[in-house]
Amino acid sequence: MKKILLTGGILLVVMAVITTAGCNPMSAFETEAEPNLSHWDRVAAEKNEQLPLTKLKLKPYADEVSAALSSPRYQRFAVNSHFRVAGTVKEYEEFQSEFVWIEVEKVKGGKETGEKDLSFYTHIKDGKFSRQVSLFAGEGEYRVTVRLPSAEREDRFYDLARFHVINVNPEIDREVAMTRAGLQAGLKLEAPGDGYVQTDGEIRLKGSIEKGEARRVMVRVEKGGKEWKHLLRLQEGSFDTRIPLFYGKGIHKLTVMTPDPEREDYYNEGATLLAHNRSPEEKSPIEYFKHYDSRGIKLEHPLAGGGKGEMKYRIKGSIDPEAPFAAKTKHLIVQTKKGGLEATYFIPVKNYRFDGSFWLRFGKGAYEVTVNVPEITDQQRDYFRFFGVARFTVNNTADQDLRNLLPSRGIQSNHPSIQNLARDLTRGKQTEREKALAIYAYVAQNIRYDVWKFRTDAFKYDDSAIKALRQKKGVCQDYSFLAIALLRSIDMEARFVEGVADGNRHAWVEVKADGKWITMDPTWGSGYTDSRDRFVKRYTTKYFDPNPAEFAKTHRRTGVMY
């Protein structure tokens, strides 16, 4: 008798004594009497006619528990891709497990899939069990061991029978292999329908967990010693996602892992399948942070890093309505980095979904992209906090560097209201300097300084050029947002300058006019605050292209915000 103890995934052979036992006379292959056999069924039947079909010998454990196999009948036989294991056991009520374990090992031949053996499990119901088994690597010979559970321990199984099966069909016909842990968790996979699929770059994974109160499953992707793991949130017990095949052309092994019912944050292998990626493109995994899960974010595009964009790149996904702060999350913040330069963009969220684009403004090359969620707080302050949820790389294929021309956070230079106003303000102006002065004058004369906002730090995520234009009030950032948006809308390069003025954080504008960068501060050009903290409107051109030495007495430049 062979006893096998499963402990931590290690098979421990306790003892082995080979004996013989009787078998049921039912045929091991069902097809030889059928009139309309397929080609491979006929090949299998012809092969069986050449083999010495020796009766299957059962192990001594069969007598101990009164077990018998009705299929297969023989010790070595041929089939077309599949065979059935079926039998009965009378003394099953004392078993510590409800499963029959069928282990299939490739002995010789077949296609190389990276798997040498595969285990299958089937329930014992009222003393009966039956399961069709696929030979996972195509043509070749396989050794099969059927084991029954013991009455001593849940993780101990004893050999019932061992036999060899010859597959005559060269095609791979692998089913999704479920483990005991997967079956016990009630794991079901709807897609893919087979355990071996050919695809291009990604695979759809759809399924559910029907038992317990699991909130997540884990997916593991492996190829050539590389692996990637990712948690999937369940919605009403189900999941439906696309999984990228990162590691180029060839077979990727996917494992769906279910939560361990007794150990927190521990997952057991639940099901395995193979995906043959036909695409040679290699991709980099997205790096996910803890707030990706806790804030209910799901990225639908991109699925992997290393994508390509021509000046812009799409981001799409959803937020779980049941996640904390989901209803109050009105946008995501995307930050891009390239060569020490950074830019920030807002992606709107509507009805818990987002689908927008961000710019790759610093020219051709690789960008590091971080997706963030905002901190949800009622606290008023002059800065915003946000938390990273995902990070990936994007490659810009466009040669142009449009850092000072493209729209950016708060600067909607592509908005029709901005474009129409800028054309009206600059109509008839001959030089870029004249156009810049016209825009400076409009912003300085039409936007009123919001002293209350400055004193109370009442900054909002939606502060922008459009908001300043609509409300006709704001602080230095709002004056700058509007001026820059108007300038960029008529293809004049302009940038948002950060600095300090009179001891306070301040923002102003630099614009390229007639080939020369000039400074303008429409906030200071609009007026001043008096001793009683009231805004006094007094337009002046003093802060349009001011004398650098004089300007430096009150303003200190610290950088540019893109």
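The set of residues from the stretch 438-460 being surrounded by fewer than 22 Cβ atoms within 10 Å (Cβ to Cβ) and either assigned by TED's automatic domain parsing to the domain that holds His331 or assigned to a helix (DSSP H, G or I) (or both) comprises Ala438, Ala441, Tyr442, Gln445, Asn446, Val451, Trp452, Lys453, Phe454, Arg455, Thr456.
Quick check on the stretch 371-388. Is at least one of its residues surrounded by 14 or more Cβ atoms within 10 Å (Cβ to Cβ), touching a residue at least 60 places away in the same chain (Cβ under 8 Å) and either within 15 Å of Glu310 (Cα to Cα) or not assigned by TED's automatic domain parsing to the domain that holds Asp320 (or both)? No.
Checking the conditions here, which among Lys106, Lys116, Lys111 is of a type in the set (Lys, Arg), crowded, with 21+ Cβ neighbours inside 10 Å and farther than 20 Å from Tyr61 by Cβ? Before you say what the answer is, go through the steps one by one.
Details: Lys116 fails: crowded, with 21+ Cβ neighbours inside 10 Å; Lys111 fails: crowded, with 21+ Cβ neighbours inside 10 Å.
Result: Lys106 is the single residue among Lys106, Lys116, Lys111 that is of a type in the set (Lys, Arg), crowded, with 21+ Cβ neighbours inside 10 Å and farther than 20 Å from Tyr61 by Cβ.
Being surrounded by fewer than 18 Cβ atoms within 10 Å (Cβ to Cβ), in contact (Cβ under 8 Å) with a residue 24 or more places away in the chain and within 18 Å of the chain's Cα centre (by Cα) is the requirement here; does Gly363 meet it?
On the way: surrounded by fewer than 18 Cβ atoms within 10 Å (Cβ to Cβ): yes; in contact (Cβ under 8 Å) with a residue 24 or more places away in the chain: yes; within 18 Å of the chain's Cα centre (by Cα): no.
So Gly363 does not fit the description; no.
Residues in the stretch 523-542 that are within 52 Å of the chain's Cα centre (by Cα) and without any contact (Cβ under 8 Å) to a residue 40 or more places away in the chain were compared, and the one that is surrounded by the fewest Cβ atoms within 10 Å (Cβ to Cβ) is Tyr528.
Scan Ala78, Ala45 and give me the residue that is within 16 Å of Gly140 (Cα to Cα) and in contact with an Asp or Glu (Cβ under 6 Å, 6 or more places away or on another chain). Break it down into steps so the answer makes sense when it comes.
Working: Ala78 fails: in contact with an Asp or Glu (Cβ under 6 Å, 6 or more places away or on another chain).
After ruling out the rest, the residue left standing is Ala45.
For the structure I just gave you, tell me whether Leu303 is over 26 Å from Tyr562 (Cβ atoms) and crowded, with 19+ Cβ neighbours inside 10 Å. Yes, satisfied. The residue pairs whose first member lies in the stretch 184-211 and is over 11 Å from Thr258 (Cβ atoms) and exposed (fewer than 15 other Cβ atoms within 10 Å of the Cβ), whose second member is modelled with pLDDT of 95 or more and of a type in the set (S, T, N, Q), and whose beta carbons are closer than 6 Å, counting only pairs six or more residues apart or on different chains, are Asp200/Ser279.
Being in contact with a Pro (Cβ under 6 Å, 6 or more places away or on another chain) and more than 25 Å from Leu231 (Cα to Cα) holds for only one residue in Asn396, Asn414, and it is Asn414.
Can you tell me which residue among Phe129, Phe136, Phe120 is in contact (Cβ under 8 Å) with a residue 60 or more places away in the chain and outside the structural domain of Leu232 (by TED's automatic domain parsing)?
Numbers: Phe129 fails: in contact (Cβ under 8 Å) with a residue 60 or more places away in the chain; Phe120 fails: in contact (Cβ under 8 Å) with a residue 60 or more places away in the chain.
Matching residue, one of Phe129, Phe136, Phe120: Phe136.
Taking the numbered list (1) within 22 Å of Phe136 (Cβ to Cβ); (2) in contact (Cβ under 8 Å) with a residue 60 or more places away in the chain; (3) surrounded by 14 or more Cβ atoms within 10 Å (Cβ to Cβ) in turn, Glu222 passes all entries but (2).
Among the residues of the stretch 148-180, those identified as more than 22 Å from Lys108 (Cβ to Cβ), part of a loop (DSSP other than H, G, I, E, B), modelled with pLDDT of 95 or more and not aliphatic (A, V, I, L, M) are Ser150, Thr179. For the stretch 461-487, what are the residues that are loosely packed, with under 14 Cβ neighbours inside 10 Å, at negative phi and out of contact with any Phe, Trp or Tyr (no Cβ under 9 Å at 6 or more places or on another chain)? Within the stretch 461-487, Arg470, Gln471 meet the criteria. Could you check, for the stretch 390-406, whether at least one of its residues is touching a strand residue (DSSP E or B) at 6+ places or on another chain (Cβ under 7 Å), of a type in the set (Phe, Trp, Tyr) and closer than 30 Å to Gly305 by Cβ? Checked the stretch 390-406: at least one residue is touching a strand residue (DSSP E or B) at 6+ places or on another chain (Cβ under 7 Å), of a type in the set (Phe, Trp, Tyr) and closer than 30 Å to Gly305 by Cβ.
Looking only at the stretch 351-374, residues that are in a strand (DSSP E or B), over 13 Å from Gly388 (Cα atoms) and not acidic (Asp, Glu) come to 9 in all.
Among the residues examined, Tyr352 does not qualify as of a type outside the set (Val, Ile, Thr), surrounded by 15 or more Cβ atoms within 10 Å (Cβ to Cβ) and within 22 Å of Gly307 (Cα to Cα). Suppose the filter is in contact with a strand residue (DSSP E or B) (Cβ under 7 Å, 6 or more places away or on another chain), surrounded by 13 or more Cβ atoms within 10 Å (Cβ to Cβ) and modelled with pLDDT under 95; does Thr554 pass it? Criteria not met by Thr554. Filtering the stretch 193-208 for residues that are in contact with a Leu (Cβ under 6 Å, 6 or more places away or on another chain) and in the same structural domain as Asp41 (by TED's automatic domain parsing) leaves an empty set.
Screening the stretch 512-522 for residues that are within 18 Å of Ala549 (Cα to Cα) and hydrophobic (A, V, I, L, M, F, W, C) and picking the one that is surrounded by the fewest Cβ atoms within 10 Å (Cβ to Cβ) gives Trp517. Taken over the stretch 125-144, the criterion of being in a strand (DSSP E or B), under 38 Å from the mean Cα position of the chain (by Cα), crowded, with 18+ Cβ neighbours inside 10 Å and not small (Gly, Ala, Ser) is satisfied by Val133, Tyr142, Val144.
For the stretch 315-332, the set of residues classified as in a strand (DSSP E or B) and among the hydrophobic types (A, V, I, L, M, F, W, C) consists of Ile315, Ile319, Leu332, listed by residue number.
The values are calculated or read from the model by the stated rules, or taken from the named source; none is laboratory data. In this text, all values refer to a predicted model and were calculated from it rather than measured experimentally. We place every Cβ from the backbone using ideal geometry, glycine too, and count neighbours over all the protein chains shown.
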